[in-house]
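Working notes for the structure below.
The values are calculated or read from the model by the stated rules, or taken from the named source; none is laboratory data. What you see is a predicted model, and the numbers here were worked out from it, not measured in a lab. Neighbour counts run over all protein chains shown; Cβ positions are idealised from the backbone, glycine included. For accessibility, only protein heavy atoms count, side chains too; no ligands or nucleic acids. Shrake-Rupley method; radii C 1.70, N 1.55, O 1.52, S 1.80 Å.
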Amino acid sequence: QVQLVESGGGLVQAGGSLRLSCAASGTIVSINAMGWYRQIAGKQRELVATITSTGSSNYADSVKGRFTISRDTAKNTVTLQMNTLKPEDTAVYYCNADLSRYNPFRRENYWGQGTQVTVSS
């Protein structure tokens, strides 16, 4: 079984910073991509940022220039540094991993349990 464990959420004032971390554990042959998504109650989950095994990253327009995603492939971890936070960044943030467990040609998708980020105005 694979687990994604997130940490680092919390309450911060607008303009502040938070750092989210996610560690993948279990039987993992390779991780193709990891990323962060967020969801506001009553709305669809949306992409925040992703990063591939080669380090190529992709960001939602709303977070470009403020958030930075990074990855430690040796430790199977991904980090999201969030700066200049805005109240509209308030959401539950979920870690995601696209990985292979036993068969390197079979890819599976996993989610963390989510961590709350609240930005006060």
The one condition residue 116 fails out of (1) open to solvent by less than 40 Å² (accessible area, probe 1.4 Å); (2) part of a strand (DSSP E or B); (3) not charged (D, E, K, R) is (1)
Residues located in the stretch 9-52, provided they are farther than 20 Å from residue 76 by Cβ, among the hydrophobic types (A, V, I, L, M, F, W, C) and part of a strand (DSSP E or B):
11, 12, 18, 47
Under 7 Å by Cβ, and 6 or more places apart or on different chains, what pairs join a residue from the stretch 55-83 that is under 27 Å from residue 11 (Cβ atoms) and open to solvent by 40 Å² or more (accessible area, probe 1.4 Å) with one that is hydroxyl-bearing (Ser, Thr, Tyr) and outside any strand (DSSP E or B)?
83/17
